[in-house]
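Novice: Please read through the structure below; I'll follow up with questions.
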Amino acid sequence: MGRYLLKRVVQIIPVLLILTLIIFCLVYVAGDPVALMLPPEAGEQAKAALREALGLDKPFYEQFFIYIGNLLRGDFGTSYQYNQDALSLVLERMPYSLQLAGVSLACSVVVGIVLGVAAAHFRNSPFDLLVNGFAALGQALPGFWVAIMLILLFAVKLQLLPVSGSGTWQNLVLPAATLTLVTSAKIIPLVRSNMIEVMQQDYIRTARSKGLRGSTVVFKHAFKNTLVPVITIIAMQLPTLIGGALITETIFAWPGLGMLIYRGVANLDMTVVQAGVMAVALITIVANLISDIAYCIIDPTIKYQ
Amino acid sequence: MKQTLLKVENLEVKFKTLEGMQTAVQGVSFDVAQGEVFCLVGESGCGKSLTSLSIMGLVEKPGIVEADAIVLDGQDISHLKEEKLRELRGNKMSMIFQEPLTSLNPLFTVGNQMDEVFRLHQKANRAKAKQMSVEMLRFVGIPDPEDVYKRYPAALSGGMRQRVMIAMALSCRPKLLIADEPTTALDVTIQKQILKLMKDLRRELGTSIIFITHDLGVVAEMADRVAVMYAGQIVEQASVYDLFQKPLHPYTEGLINSTIRLGDGRRRLPTIAGTVPPISKMVSGCRFHPRCPYATPACRENAPPVIEIQGRMVRCIRYAKEHKQEGGVHV
Ligand SMILES: Nc1ncnc2c1ncn2[C@@H]1O[C@H](COP(=O)(O)OP(=O)(O)O)[C@@H](O)[C@H]1O
Ligand code: SF4
Ligand SMILES: [Mg+2]
């Protein structure tokens, strides 16, 4: 297992390189930021000077190597919008993202597993139908619509929670609820179908034939066998929750990475976009690594090539 | 006459489906004596597994089990609450299955799965459970029980896993062991070993065994008494000697004829033509009539009576009194 994990860690290096290249290319083709950075009345000469200062006049590959060199020194460039180091901006926003993502993910996992297991247990009952309906709705409804409806209900009509912003736990409730709704809707059907499949396996019949209680059969023998696919989908949700919660963060004015990236794109502040996307990508990679470690722990028989 | 350990009376297993109620097992009654090996034999799909699962109380929804009585060791368990049944399972009665490769949980060690039984039924602590599990593994002839105890099932061969299953099933010295085609998935040499193990264990522990198989060769080797099942019913019951000596039911006759080979390896008769009717399209009258060489028009109309002759039982019109008076078969 140790060697397998070491291999996985080493594999991250080429992934990071390719990732850097992709991010760099995207920004390269996205357009010339110089026009936005200078006042409209600036002349061609001033623009050319700025381009030269930023190294934008150099050929593509040269720019790329300079970029990588800078990254290695921890220099992600300066955001012209905020007039601040892009890395420190990302690091500032990261705790907000992690907080929102962490709470939403924890809630989604609990809701997803509880409802998924229960729906599998009472399959084809009215309860199962209800849970399935909830999951289908959660997947079909766009996140922004859910967010707006929650705001209308809890903030505007009932006035229980703040509309937007950050700072208190009340601010966290609505964005976390939005993300939980959307994310748990993806986890529920997966847990349910895996649970149903596992419950039909021979070893479950064996467990029952030993006289074990129903709860031991479900939570020990069946549940562990559903964990590998469930962890896979959970790991897939994490990056979506951190960087992809863009719309939710924007609606609720939650100052996380998603909003930072959104503003960066809107204003062609490419250093910020690059740093933000890089951070989300890193989190994705770490999440995958953690889920790989989890697989090893859950299923010691998995054969790693 | 040995004491009766298990008495099944008029067992019925039904499934509620979209096309209505379908009966998979019907009117099944039999006794198993103390220390006896009772074989259930029949083609695949004739209800052997459902019969045995009904005794264990393990038929899953949407299956519905009904019986006049299922008496195990003097106690009628046909209407027991799940909680009470659970105390019997793995304890007084236990079961092993056809697929040793999938019958153990892949994510827990052999030891963990063995210990469960001792911890549950004998309230053993961890250390004691381990000691008893290792002992049990040794008992079923596993060479290095301490090592196997620590292994995950994937590290063991099919034959080894079936030994583990047997060890697990016998942990609490059950009065009744149900073995549902325990050797079908194994190759011939391993099959012989497992059969020998089960015979040895029966002799040593005096456990009654319901042995399910579709292989008459295995029946001849294992059984004291045999029930032949066809399309959800028992069509004939007899001692193993009587059954092979003089099969009464045409289906039994067909089975035996299609099993026994002549010296030159050719079959004396082809296998019985046709197939078992599916439970969704059960035939009228005698369920065997479409395949029966002796079928009469009456067989298509009326379900044949259950007839007892000379301590045997057969479900065929040819042995009915009035039929015999008309010049039918004589026993
Ligand atoms: N869950 C179920 N739903 C509907 N029919 C079933 C179900 N389980 C078993 N059956 C039917 O019951 C019959 C007997 O099955 P089974 O006891 O497994 O046969 P055997 O063990 O003799 O091969 C089969 O025809 C099968 O199709
Ligand atoms: S009742 Fe008729 S069809 Fe059925 S086994 Fe006897 S002879 Fe054959
Ligand atoms: Mg079967």
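Novice: Test B:D215 against the stated conditions and say whether it is under 21 Å from A:D202 (Cβ atoms), of a type outside the set (F, W, Y) and open to solvent by 40 Å² or more (accessible area, probe 1.4 Å).
Specialist: When the stated conditions are applied, B:D215 passes them.
To keep it simple, each residue is scored yes or no on (1) in contact with a strand residue (DSSP E or B) (Cβ under 6 Å, 6 or more places away or on another chain); (2) among the charged types (D, E, K, R); (3) within 14 Å of chain B (Cβ to nearest Cβ).
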{"residue": "A:K210", "(1), (2), (3)": "no, yes, yes"}
{"residue": "A:R213", "(1), (2), (3)": "no, yes, yes"}
{"residue": "A:V217", "(1), (2), (3)": "no, no, yes"}
{"residue": "A:K220", "(1), (2), (3)": "no, yes, yes"}
{"residue": "A:N225", "(1), (2), (3)": "no, no, yes"}
{"residue": "A:I231", "(1), (2), (3)": "no, no, yes"}
{"residue": "A:E249", "(1), (2), (3)": "no, yes, no"}
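Novice: When you check A:G258 against the structure, is it at positive phi and either open to solvent by less than 40 Å² (accessible area, probe 1.4 Å) or more than 10 Å from chain B (Cβ to nearest Cβ) (or both), yes or no? Break it down into steps so the answer makes sense when it comes.
Specialist: Values: at positive phi: no; either open to solvent by less than 40 Å² (accessible area, probe 1.4 Å) or more than 10 Å from chain B (Cβ to nearest Cβ) (or both): yes.
It is false that A:G258 is at positive phi and either open to solvent by less than 40 Å² (accessible area, probe 1.4 Å) or more than 10 Å from chain B (Cβ to nearest Cβ) (or both).
Novice: So how many residues does the stretch A:207-236 have that are polar (S, T, N, Q) and open to solvent by 10 Å² or more (accessible area, probe 1.4 Å)? Show your work before the answer.
Specialist: Just the residues of the stretch A:207-236 that are polar (S, T, N, Q), to begin with: A:209, A:215-216, A:225-226, A:232.
Still in the list and also open to solvent by 10 Å² or more (accessible area, probe 1.4 Å): A:215-216, A:225, A:232.
Here the count works out to 4.
Novice: Restricting to the stretch B:277-323, count the residues that are loosely packed, with under 13 Cβ neighbours inside 10 Å and either of a type in the set (S, T, N, Q) or near ligand 2 (Cβ under 8 Å from one of its atoms) (or both).
Specialist: 5
Novice: Still on this structure, please answer the following. Residue under question is B:F118, and the condition is that it be over 12 Å from B:V164 (Cα atoms) and either at pLDDT 95 or above or away from chain A (no Cβ under 13 Å) (or both); does it hold? Talk me through it step by step, then tell me what you get.
Specialist: Numbers: over 12 Å from B:V164 (Cα atoms): yes; either at pLDDT 95 or above or away from chain A (no Cβ under 13 Å) (or both): yes.
Considered against the rule, which asks whether it is over 12 Å from B:V164 (Cα atoms) and either at pLDDT 95 or above or away from chain A (no Cβ under 13 Å) (or both), B:F118 comes out as yes.
Novice: For B:G74, are the conditions met, namely being within 16 Å of ligand 1 (Cβ to nearest atom) and either more than 11 Å from chain A (Cβ to nearest Cβ) or open to solvent by less than 40 Å² (accessible area, probe 1.4 Å) (or both)?
Specialist: Here the answer is no, as B:G74 does not meet what is asked.
Novice: Before we move on, is B:G27 within 16 Å of ligand 2 (Cβ to nearest atom) and either part of a loop (DSSP other than H, G, I, E, B) or open to solvent by less than 40 Å² (accessible area, probe 1.4 Å) (or both)?
Specialist: So B:G27 passes the test.
Novice: Also: Return yes when B:K123 is more than 9 Å from chain A (Cβ to nearest Cβ), charged (D, E, K, R) and surrounded by fewer than 16 Cβ atoms within 10 Å (Cβ to Cβ) and no when it is not.
Specialist: The answer is yes for B:K123.
Novice: Give the number of residues within the stretch A:22-45 that are surrounded by 14 or more Cβ atoms within 10 Å (Cβ to Cβ) and of a type in the set (A, V, I, L, M).
Specialist: Matching residues across the stretch A:22-45 total 7.
Novice: Here is a further query. For the stretch B:67-86, state whether one or more residues are touching a Leu at 6+ places or on another chain (Cβ under 8 Å), within 14 Å of ligand 3 (Cβ to nearest atom) and among the small types (G, A, S).
Specialist: No, the stretch B:67-86 contains no residue that is touching a Leu at 6+ places or on another chain (Cβ under 8 Å), within 14 Å of ligand 3 (Cβ to nearest atom) and among the small types (G, A, S).
Novice: Here's a follow-up. Identify all residues within the stretch B:177-189 that are open to solvent by less than 10 Å² (accessible area, probe 1.4 Å) and more than 12 Å from chain A (Cβ to nearest Cβ); write none if there are none.
Specialist: Of everything in the stretch B:177-189, those that are open to solvent by less than 10 Å² (accessible area, probe 1.4 Å) and more than 12 Å from chain A (Cβ to nearest Cβ) turn out to be B:P182, B:T183.
Novice: Does B:G45 satisfy the condition of being without any contact (Cβ under 8 Å) to a residue 40 or more places away in the chain and on the phi > 0 side of the Ramachandran plot?
Specialist: No: the conditions fail for B:G45.
Novice: Of the numbered conditions (1) touching a Cys at 6+ places or on another chain (Cβ under 9 Å); (2) within 16 Å of ligand 1 (Cβ to nearest atom); (3) not acidic (D, E), B:T183 fails exactly one; give the number of that condition.
Specialist: (1)
Novice: Restricting to the stretch B:34-54, and then to whatever is under 23 Å from B:L85 (Cβ atoms) and part of a strand (DSSP E or B), can you tell me which residue is farthest from ligand 2 (Cβ to nearest atom)?
Specialist: B:F38
Novice: Among the listed residues A:L115, A:L98, identify the single one that is surrounded by 18 or more Cβ atoms within 10 Å (Cβ to Cβ) and either in a helix (DSSP H, G or I) or hydrophobic (A, V, I, L, M, F, W, C) (or both).
Specialist: A:L115
Novice: Does B:P106 fit the bill of being open to solvent by less than 50 Å² (accessible area, probe 1.4 Å) and either at the interface with chain A (Cβ under 8 Å from one of its Cβ atoms) or basic (K, R) (or both)?
Specialist: yes
Novice: Do we find a residue being more than 8 Å from ligand 1 (Cβ to nearest atom) and within 14 Å of chain A (Cβ to nearest Cβ) anywhere in the stretch B:29-48?
Specialist: no
Novice: Moving on to the next point. Given the structure, is B:E82 surrounded by fewer than 18 Cβ atoms within 10 Å (Cβ to Cβ), among the charged types (D, E, K, R) and facing chain A (nearest Cβ under 10 Å)?
Specialist: Considered against the rule, which asks whether it is surrounded by fewer than 18 Cβ atoms within 10 Å (Cβ to Cβ), among the charged types (D, E, K, R) and facing chain A (nearest Cβ under 10 Å), B:E82 comes out as yes.
Novice: Quick check on my filter: what residues within the stretch B:39-58 are over 14 Å from B:I178 (Cα atoms) and surrounded by fewer than 21 Cβ atoms within 10 Å (Cβ to Cβ)? Even if it seems obvious, please write down each step before you answer.
Specialist: Step one: filter the stretch B:39-58 for residues over 14 Å from B:I178 (Cα atoms), giving B:42-47.
Residues satisfying the conditions are B:E43, B:S44, B:G45.
Novice: I'm checking my understanding of the structure. Among residues of the stretch B:31-46 that are out of contact with any Leu (no Cβ under 8 Å at 6 or more places or on another chain) and modelled with pLDDT of 95 or more, which one is nearest to ligand 3 (Cβ to nearest atom)?
Specialist: Per the stated criteria, the residue is B:L40.
Novice: Give the stretch B:110-151 a look and list any residue that's among the hydroxyl-bearing types (S, T, Y) and closer than 20 Å to A:S209 by Cβ, or say none.
Specialist: So the first thing to find is which residues in the stretch B:110-151 are among the hydroxyl-bearing types (S, T, Y), and the list is B:133, B:149.
Result: B:S133, single match.
Novice: For the stretch B:85-103, which residues satisfy the criterion of being more than 8 Å from chain A (Cβ to nearest Cβ) and open to solvent by 50 Å² or more (accessible area, probe 1.4 Å)?
Specialist: B:K92, B:Q98, B:L101
Per-residue answers, yes or no, for (1) assigned to a helix (DSSP H, G or I); (2) in contact with a Lys or Arg (Cβ under 8 Å, 6 or more places away or on another chain):
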position: B:L80; (1), (2): no, no
position: B:L104; (1), (2): no, yes
position: B:N112; (1), (2): yes, no
position: B:V117; (1), (2): yes, yes
position: B:K123; (1), (2): no, no
position: B:A127; (1), (2): yes, no
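The values are calculated or read from the model by the stated rules, or taken from the named source; none is laboratory data. Keep in mind that this is a model prediction, so the values were computed, not measured. Please note: Cβ atoms are built from the backbone with ideal geometry, for glycine as well, and neighbour counts cover all protein chains shown. Heavy atoms of the whole protein, side chains included, go into the accessibility calculation; ligands, DNA and RNA do not. Shrake-Rupley method; radii C 1.70, N 1.55, O 1.52, S 1.80 Å.
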